[in-house]
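What follows is calculated from the coordinates using simple rules that are stated; it is not laboratory data. In this text, all values refer to a predicted model and were calculated from it rather than measured experimentally. So basically every Cβ, Gly included, is an ideal-geometry build from the backbone, and we count neighbours across all protein chains shown.
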């Protein structure tokens, strides 16, 4: 599933071509994605001007005039494609088409249909069912060591599981949690409540660094992710541990024959990659 860097990359690509433009026509090519489109979906969007594009965790927020917001989630395989010239014929899984002034066309393609789109009053987003319990944004100015430490205090679950909990921290997923824990030198098996003080500060710095680097690289393209321009992301070439079982970690000075190099374990049904020698 796309994580924060992939969604932020999509947001930036769409903002470049949609902000300030009017949606001349919106077409839903089927009645549903993960769940049905809201009533009068096409009519409520067509003719409105796009004011700004924002992101909350893994959710895209397309703010329109008259205080209406389109909430979009990419699911497992969803992606937006931008066409600045007459677009080619629709593809099989092009499920939503946005035609904006200036000849801009944006299509949402989702083969697995785990993504969704919904509409909500902009002023009521804080109470929207899928947004109201989300934790802090890891790239926000007010996210710091004490904030993370407070969220983790008293928790006995592994730190990997806690960071995947969207009520603890918004937007993090399997890839970037594994990478951030490696940079912070923390074992994914460490009890969450022990990440306090300097450990929390170091983890916050690692989270910020890995997310910012991933965004600059256009995200990670392992299977479905593409930037709205159609380009791949490139951060997968910078992974320190994710997907690198049995390999030496960057700057490795370990006896990998003894330590087993990068290890893969399963936590909460998901793969975790880490270096047992460097992460404690």
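Tabulated data
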| item | result |
| --- | --- |
| Which labelled figure in [x] 17; [y] 25; [z] 34 is percent of Cα pairs over 34 Å apart, once derived from the coordinates | [y] |
| Whether the range 4-127 is rounded, prolate or oblate, judged on the alpha carbon gyration tensor where a/c under 1.5 counts as rounded | rounded |
| Computed [θ] at 222 nm, deg cm²/dmol, the chain (DSSP H ≥ 4; -39,500 (n - 2.57); rounded to nearest 500) | -7000 deg cm²/dmol |
| Additional length obtainable on full extension of the chain from residue 92 to residue 21, 0.36 nm per residue less Cα span | 22.9 nm |
| Helix 197-216 axis, angle to the chain major axis (alpha carbon atoms, nearest 10°) | 40 |
| Mean Cβ count within 10 Å, highest first, over the residues of peptides 136-146, 99-109 | 99-109, 136-146 |
| Using alpha-carbon coordinates, inclination of helix 174-184 to the longest axis of the chain, degrees | 40 |
| 172, 1, 76 arranged by Cβ crowding within 10 Å, fewest neighbours leading | 76, 1, 172 |
| Rounded, prolate or oblate (a/c below 1.5 giving rounded, otherwise prolate when a/b exceeds b/c) for the range 63-133 by Cα gyration tensor | oblate |
| Cα gyration tensor shape for the range 101-184, rounded if a/c is under 1.5, else prolate or oblate | prolate |
| Pairwise FRET efficiency - residue 76 versus residue 44, Cβ, R0 = 30 Å, nearest 0.05 | 0.70 |
| Rounded to 10°, Cα long-axis angle of helix 4-18 versus longest principal axis of the chain | 30 |
| Gain upon complete extension [residue 129, residue 208; 0.36 nm per residue less C-alpha separation] | 25.7 nm |
| Estimated inter-spin distance, residue 167 and residue 112, nm [label 7 Å along Cα→Cβ] | 2.5 |
| Contour minus Cα-Cα distance for residue 142 and residue 84 (0.36 nm per residue) | 17.1 nm |
| Packing-based exposure ordering (other Cβ within 10 Å, fewest first) of 201, 213 | 213, 201 |
